[in-house]
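Trainee: What follows is a structure written as C-alpha cells; I'll ask about it next.
The values are calculated or read from the model by the stated rules, or taken from the named source; none is laboratory data. Owing to the predicted nature of the structure, the values given are computational and were not obtained by experimental measurement. Methodologically, a virtual Cβ is constructed for each residue, glycine included, from the backbone with ideal geometry; neighbour enumeration extends over all protein chains shown. These area figures cover heavy atoms from the full protein model, side chains too; ligands, DNA and RNA do not enter into them. Shrake-Rupley method; radii C 1.70, N 1.55, O 1.52, S 1.80 Å.
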Amino acid sequence: MTVNVLILCTHNSARSVLAEGMLNHWARVLGKDVRAYSAGSTPSGRINPHALTALQAAGISTEGYRSKSWDEFTGASAPEMHVVITVCDSAAAEQCPYWPGKPVKVHWGYPDPSNAPEEQKANAFELTRQALGYRMLQLLSYPLNELDSSELQVILTRISKT
C-alpha cells in the first residue's frame with residue numbers, strides 16, 4: 001500500500017513544493033512506497049523559481065511541477081491521504097490550511113524563504129530545502145505502511161521537535 005502524504009501551505013509556491021520534492025526524492029532513493037503531493041489553500045499559480053533551482057541543484061527533476069489547489073485532492077478520484085503536513089509559518093501571521101477527515105495531521109512550520117532579501121533568497125531556499133529534506137528523511141526511516149494512526153501521530157510529533 002502506497003502511503004500518500006499531502007503537504008499543504010498557503011500558496012504552494014515554495015515550502016510545500018520543496019517538501020514534496022524532497023519526500024519523493026528520498027522515497028525513490030530508499031525504495032519506500034511513499035508518495036508526496038503538495039497543494040495550497042490559495043495557490044499562487046506559479047512555483048517560485050528559487051524553489052525549482054534549489055531542487056534542481058540537489059539533482060531532483062522538477063519537470064511537471066506546478067502550483068496546485070488542495071481542491072484537486074478532495075474529489076472522489078483523488079488518492080486517499082494518509083498524512084497531512086502543513087508547512088506554513090503561523091508566527092508570520094500566515095493562515096495555515098486545514099485538512100478535514102481522518103488522515104494523521106502535523107504542523108511543521110518554516111519561515112517563508114520568499115521573504116528573504118533578494119541577495120539572500122537562493123541561500124534561504126537552499127537551507128529550507130535541506131531542513132525539509134532532513135525531516136522527510138527522518139519520516140522515511142520508519143515503516144510507515146506498518147504503523148497505525150496513533151503510532152504515526154507519535155512519530156510525526158516527535159519529528160516536529162527536531
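Trainee: For segment 51-73, how many residues meet the condition of being open to solvent by less than 40 Å² (accessible area, probe 1.4 Å), in a helix (DSSP H, G or I) and at pLDDT below 95?
Mentor: 1
Trainee: If I filter segment 74-88 down to residues being in contact with a helix residue (DSSP H, G or I) (Cβ under 9 Å, 6 or more places away or on another chain) and buried (at least 19 other Cβ atoms within 10 Å of the Cβ), which single residue comes out as modelled with the lowest pLDDT?
Mentor: Per the stated criteria, the residue is Cys88.
Trainee: Residues of segment 1-34 being among the β-branched types (Val, Ile, Thr) and free of Cβ contacts under 8 Å to residues at least 12 places away in the same chain, which ones?
Mentor: Residue satisfying the conditions is Val29 alone.
Trainee: Still on this structure, please answer the following. When only residues in segment 99-157 that are touching a residue at least 40 places away in the same chain (Cβ under 8 Å) and part of a loop (DSSP other than H, G, I, E, B) count, which is farthest from Leu23 (Cα to Cα)?
Mentor: For segment 99-157, the residue satisfying everything is Lys102.
Trainee: Just give me the residues in segment 11-35 being surrounded by fewer than 24 Cβ atoms within 10 Å (Cβ to Cβ) and not polar (S, T, N, Q), in sequence order.
Mentor: Answer for segment 11-35, where residues must be surrounded by fewer than 24 Cβ atoms within 10 Å (Cβ to Cβ) and not polar (S, T, N, Q): His11, His25, Trp26, Ala27, Arg28, Val29, Leu30, Gly31, Lys32, Asp33, Val34, Arg35.
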